[in-house]
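Enquirer: One structure, pasted below without further comment.
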Amino acid sequence: MIVPLISIILLAPLAAFAIFALLGLAKRNFPRQDYLSTVAMLAALGCSLLLIQEVVSDPKPITVEWLSLGSVTFSMGFYLDSVTVIMLIVVTLVSSLVHIFSIGYMHGDPRYSRFFAFLSLFSFSMLFLVVSDNLLGIYIGWELVGLCSYLLIGFWFEKDSAANACKKAFLTTRVGDIGMFIGMMMLFAEFGTLSLYGDSGIFEEVTTLESGQIAWLSVAGILIFCGAVGKSAQVPLHTWLPDAMEGPTPVSALIHAATMVAAGVYLVARMFPILTPTSSLVIAYVGGITALVAATIAIVRFDIKRVLAYSTVSQLGYMMLAIGAGSYVAGLFHLTTHAFFKALLFLGSGSVIHAFHAMHAHHDDEHAESDEHDDHSLVHEHGSEIPPDQDMRNMGGLRKKMPLTFITMLIATLSISGVPFVFSGFWSKDAILGGVLGQAMASNSPHYYILFGMALIAAGITAFYMFRLIFMTFFGEPRNQEMHDMAHESPWVMTVPLIVLAALSFPAVNILWFNENYIEPPPQHHIHSPQRVYVSPDSKTADANSGISLFGISEAEAAEDESGHDAEHASDGHHGHGPAHTIAMVLSICVAGLGILLSWLFYHKRRFSAEAVATTFRPAYNLFWNKYYFDEFYDGVLVALTVWKSRLFAGFDLSVVDGIVNGVGTVTRDVLAAFIGFFDNRVVDGLVNRVAAVTWSAGGRIRRIQTGAIQTYLFVVIGGIVLIILIFRLF
Amino acid sequence: MSLQHYLVISSILFSLGIFAVLTRKNAISILMGIELILNSCNLNFVAFSRFVTPAESIVGSEVFRFDGQIIAIFGIVLAAAEAAVFLAIILAIYREFGSIRPDEVDTLKG
């Protein structure tokens, strides 16, 4: 049953794209590409839901041999475990809702059909990546995802900003991909296979490594993580993600929730068994720094989509931090909940933009979506323009105009901010915080205490800026009366996905994650640090009030460590974890409450002036405002270096290479060619001319024989015959 | 009448033909010379057929063969065809050059 289901999941979106592509060859359009793609996605969603029951406790990869080169065989196949199934559901669900939303949002776009075809291809790529059982398949899906994001971010390629953004996204992620490829090749060189599972898979082989090779494995792990840094927009390769906002808003939702950035987190989670303590720590630090940096940048943004973009970067940092701290499951859990509420936030912001945009379209009497960012921008932000319909300073008071959008976005905001107990975001964020603190207590390493602090601060800031967004957009008085008057609630194709996603932001719907038996813990080997704690879904620390089992922390799996780590440590660790979870939960509620309170005081009650605070802390404000100068750094250093290097090479080309070429040319022309010319003119031509002259003069003489008189010829003929007869008679 | 008589006559005819072809200034006369040559050949065929070809003895009687005579008849037919073509050519030459004297038709002169 698994194989047909998975075939439908993969082939349905691919077929939707293939129909578009094949008809495109004939310069035709499928009349309802939007329905075709949406139905394909819904079919994939249905099959994913059916797969829940199919996955057994001991999953086996389903593989076929793909190609063999010499003694090496590459196989292609699927690996279905509980994590895969949950990812499949998340991807197909979010993608389906984005499809439905796009029917309303993209209505009237000149490349309407193409948009849906690209969405289908995007979803297919991600699904392929998710189900692959080997690094080669993951890499193929990985690059396809990158390609699709390039196509979709640059969907409105008439705009220079979109064209630049898609190039930036493609090139920036490519930087990480190179690292990933090298890491893959290191594993391949060592193990001779790219398969992850099975008896000769990498995860099995990795247990045979000597302890001396662990440093090598750390490097491979970090290199593979580089790919995730690019794809999941971790510091320092995060700059492409905010720029990717140039794409249509449904694409932003898809990229941020289900497909593109989730790929990186998923990859790291998949590669969890090969992560050594060192690479785990690197991952955790990158994640922690990303969470903090992106959150602080988000505070000062005014573009509604950029706030959400930085919030995504920050939340992705959280997930990486979780995986790096060993809370493998918590990271994936947060990935899921985040997918739902972030898709909701983006689609909600799309709904707001659409409301304002309809006004623009009305004013300009044009319906082309590319008109969304027209030139007469009302506000300029430090030279970089914010489209007026995305500028939160033009919004305000929308809650009465767009009640559905408001309520659903509020639910998502409460979820992402970590408002306790009733919202799924709280549980997943709490799982991460508890996991990190538990790791800190178990390993007694200062690193994890620092990381826990960073995560906690980031959680507070997240609550602050998310409520800032809500207050600025939906509360208060309208700041731009003209735009406000034109705003309206979106059509049902756009609000229904919002409602569905809002429902998914409640924990009850994420039931699979709370089922302790559904998620399989990854295996532990001696290559992992003795201190490493695996955080499994465990109901031992269930919260009695909520009645839902939480993510506790199980024993430190110390039983698998042969040396020095016995039951004492395990029980020690276990004792540390219960409190860790409680402490983390209390602290996270506190910081979230603090963030919301501050936001309320600043942006709703206006008890404090944000401008005054900005003036007081001018250096910090400038740092956040300029996004830590990452873009300036890349422009000033990397781009400048590249340009300088190109100039250098151009100069080398122009002077040295061209000099050599021109020198050779001169020598050839003046020396060699002159000699050859002389030889040709004198010797060759002389011979030819002499032959001609001889022939000419000989011909002049011989032609006199030809008298033209026929009887002369006859006379010669007869004379010749007589002569021949005489000769034969005489001799 | 032996074979030699025929051959002498034939040789005389042939020589007269050659002479006419080489010396006459009129194309019609050349044609006549050619006819003499052809007929001398025909005469040879017939003469050799009569005197040289051995008679085959079929039981009880002698049978002569007529191969030479048949070839001579072919030759006569050939001469008639040749004369027709030759006269057509002469006509064309006359139209082109206004003369049928071979020594005046010398455009191929080198």
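Nothing in this text is a laboratory measurement; each read-out follows from the coordinates by a stated rule. The shown structure was predicted, so the numbers you read here are calculated from the model rather than taken from an experiment. Cβ: placed from backbone, ideal geometry, glycine included. Neighbour counts: every protein chain shown.
Enquirer: Can you tell me, using C-alpha contacts under 8 Å and at least 6 residues apart, the relative contact order of chain A as a whole percent? Don't jump to the answer; show the numbers that get you there.
Expert: Working: 1192 pairs, mean separation 83.0, N = 731.
Computed over chain A, the figure is 11 percent.
Enquirer: Now for a separate question. Per DSSP H run of n ≥ 4, the term is -39500 (n - 2.57); total these for chain B, divide by its residue number, and report the mean residue ellipticity at 222 nm rounded to 500 deg cm²/dmol. Before the final figure, lay out the partial values.
Expert: On the way: 3 runs with 77 residues, N = 110.
One gets -25000 deg cm²/dmol as the mean residue ellipticity at 222 nm.
Enquirer: If I fit a long axis through the Cα atoms of helix A:304-324 and take the longest principal axis of the Cα atoms of chain A, what angle between them do I get, 0 to 90°, rounded to 10?
Expert: Relative to chain A, helix A:304-324 is tipped by roughly 80 degrees.
Enquirer: Shifting gears a bit: Hey, what did chain B get for relative contact order, percent, Cα under 8 Å, at least 6 apart? Walk me through the numbers on the way to the answer.
Expert: Working: 104 pairs, mean separation 27.2, N = 110.
After rounding, I find 25 percent.
Enquirer: Relative contact order for region A:136-271 using alpha-carbon pairs under 8 Å, separation at least 6, rounded to a whole percent?
Expert: Answer for region A:136-271 is 31 percent.
Enquirer: With just the Cα atoms of region A:571-683, tell me how far they stretch along each of the three principal axes, in Å, largest first.
Expert: Principal-axis extents of the Cα atoms in region A:571-683, largest first: 103, 51, 19 Å.
Enquirer: Placing unit charges on C-beta atoms (Lys and Arg positive, Asp and Glu negative, everything else neutral), compute the dipole magnitude of region A:1-131 about its Cα centre in debye, rounded to 20.
Expert: Here region A:1-131 has a charge dipole of around 560 debye.
Enquirer: State the answer as a single residue: which of A:334, A:221, A:117 lies farthest towards the positive end of the charge dipole of chain A, with beta carbon charges of +1 for Lys and Arg and -1 for Asp and Glu, about the Cα centre.
Expert: A:117
Enquirer: Hey, another quick one. Sort A:274, A:710, A:411 so that the residue with the fewest other Cβ atoms within 10 Å of its own Cβ comes first and the one with the most comes last. Working shown, then result.
Expert: Numbers: A:274 23, A:710 16, A:411 26.
With the fewest neighbours first, A:274, A:710, A:411 line up as A:710, A:274, A:411.
Enquirer: On a 0 to 90 degree scale, rounded to 10, what angle separates helix A:403-417 from the longest Cα axis of chain A?
Expert: Helix A:403-417 and the main axis of chain A meet at about 80 degrees.
Enquirer: So between residue A:499 and residue A:211, what do we pick up on full extension, going 0.36 nm a residue minus the alpha carbon distance?
Expert: On the way: separation 288, 0.36 × 288 = 103.68 nm, distance 5.24 nm.
Once the chain is fully extended between residue A:499 and residue A:211, it gains 98.4 nm.
Enquirer: Take the alpha carbon atoms of region A:623-662, find their center, do the same for region A:581-598, and report the distance between the two centers in whole angstrom.
Expert: So the two Cα centres are separated by 47 Å.
Enquirer: Looking at the calculated P(r) for chain A, what percent of the C-alpha pair distances fall above 42 Å? Walk me through the intermediate numbers first.
Expert: Values: 95632 of 266815 pairs.
Counting every Cα pair in chain A, those more than 42 Å apart make up 36 percent.
Enquirer: Now a separate question. Could you work out the mean count of beta carbons from other protein chains within 10 Å of each residue's beta carbon in A:707-715? If you can, show how the numbers build up before the last one.
Expert: On the way: counts 5, 9, 8, 8, 8, 4, 1, 6, 4.
Per residue, the number of nearby Cβ atoms from other chains is 6 on average.
Enquirer: Ratio of alpha-carbon Rg to the 2.2 N^0.38 Å globular estimate for region A:245-349, to two decimals, please. Intermediate results must be reported in sequence, preceding the final value.
Expert: Numbers: Rg = 13.7 Å, N = 105, 2.2 N^0.38 = 12.9 Å.
In units of the globular-protein estimate, region A:245-349 measures up at 1.06.
Enquirer: In debye, nearest 20: dipole of chain A around its Cα centre with unit charges on the Cβ of K, R (+) and D, E (-)?
Expert: 2600 debye
Enquirer: For the Cα atoms of chain A, what angle does the longest principal axis make with the long axis of helix A:446-474, in degrees from 0 to 90, nearest 10?
Expert: Rounded to the nearest ten degrees, it is 90.
Enquirer: Something else: Taking neighbour counts of Cβ atoms within 10 Å as a proxy for exposure, in what order, fewest first, do A:34, A:670, A:653 appear?
Expert: Working: A:34 22, A:670 10, A:653 13.
Ascending Cβ contact count within 10 Å gives the list A:670, A:653, A:34.
Enquirer: Still on this model: Express in whole angstrom the spacing between the alpha-carbon centres of region A:450-485 and region A:62-131.
Expert: 33 Å
Enquirer: Once Lys and Arg get +1 and Asp and Glu get -1 on their Cβ, which of A:624, A:643, A:85 lies farthest toward the positive end of the dipole of chain A?
Expert: Checking the options against the dipole of chain A, the answer is A:643.
Enquirer: Hey, for a label at residue A:278 modelled as a point 7 Å past Cα toward Cβ, could you say which residues of region A:178-196 have their backbone N under 19 Å away?
Expert: Backbone N within reach: A:179-191.
Enquirer: Right, another one. As an exercise, use a Förster radius of 30 Å and the Cβ-Cβ distance of residue A:506 and residue A:64 to find the FRET efficiency, rounded to the nearest 0.05.
Expert: Efficiency, rounded to the nearest 0.05: 0.15.
Enquirer: Using bins 10 angstrom wide from zero, how does P(r) for region A:1-79 break down, in % of all Cα pairs?
Expert: The calculated distribution, bin by bin, is 16, 32, 28, 20, 4.
Enquirer: A further question on this structure: Treating only the Cβ of Lys, Arg, Asp and Glu as charged (+1, +1, -1, -1), what charge dipole size does region A:571-728 show about its Cα centre? Round to the nearest 20 debye.
Expert: Working: 13 positive and 10 negative charges, 134 e Å.
Using only the charged Cβ atoms, the result is roughly 640 debye.
Enquirer: What is the distance, in nm, between label points placed 7 Å from the Cα along the Cα-to-Cβ direction at residue B:63 and at residue A:657?
Expert: 9.8 nm
Enquirer: For the charge dipole of chain B, defined by +1 on Lys and Arg C-beta atoms and -1 on Asp and Glu C-beta atoms about the Cα centroid, which residue among B:37, B:105, B:85 has the Cα displaced farthest towards the positive pole?
Expert: Highest projection toward the positive end goes to B:105.
Enquirer: As a test of the formula, what do you get for chain A when each DSSP H run with n ≥ 4 contributes -39,500 (n - 2.57) and the sum is divided by the residue count, at 222 nm and rounded to the nearest 500 deg cm²/dmol? Display every interim value, and only then the final one.
Expert: On the way: 30 runs with 480 residues, N = 731.
My calculation for chain A gives -22000 deg cm²/dmol from helical runs alone.
Enquirer: Students often check this: by mean Cβ neighbours within 10 Å, which of A:589-595, A:23-29 ranks highest, and how do the rest follow?
Expert: Working: A:589-595: 19.1, A:23-29: 10.6.
Result, highest mean first: A:589-595, A:23-29.
Enquirer: Report the full-extension gain for the segment residue B:5 to residue B:80: residue separation times 0.36 nm, less the Cα-Cα distance, to one decimal in nm.
Expert: Values: separation 75, 0.36 × 75 = 27.00 nm, distance 2.67 nm.
Taking residue B:5 through residue B:80 to full extension adds about 24.3 nm, to one decimal.
Enquirer: Among A:149, B:15, which comes first, then next, by fewest other beta-carbon atoms within 10 Å?
Expert: On the way: A:149 29, B:15 13.
Least crowded to most crowded, the residues run B:15, A:149.
Enquirer: With no solvent and one equal point scatterer per Cα, compute the Debye intensity ratio I(q)/I(0) for region A:237-280 at 0.13, 0.19 Å⁻¹ and report its log10, rounded to two decimals.
Expert: The Cα Debye sum returns log10 ratios of -0.40, -0.66.
Enquirer: May I pose another question? Report the net charge of residues surrounding residue A:652, where surrounding means a beta-carbon distance below 11 angstrom and charges are Lys +1, Arg +1, Asp -1, Glu -1.
Expert: On the way: positive: A:645, A:647; negative: A:653, A:658.
Net charge in that neighbourhood comes out at 0.
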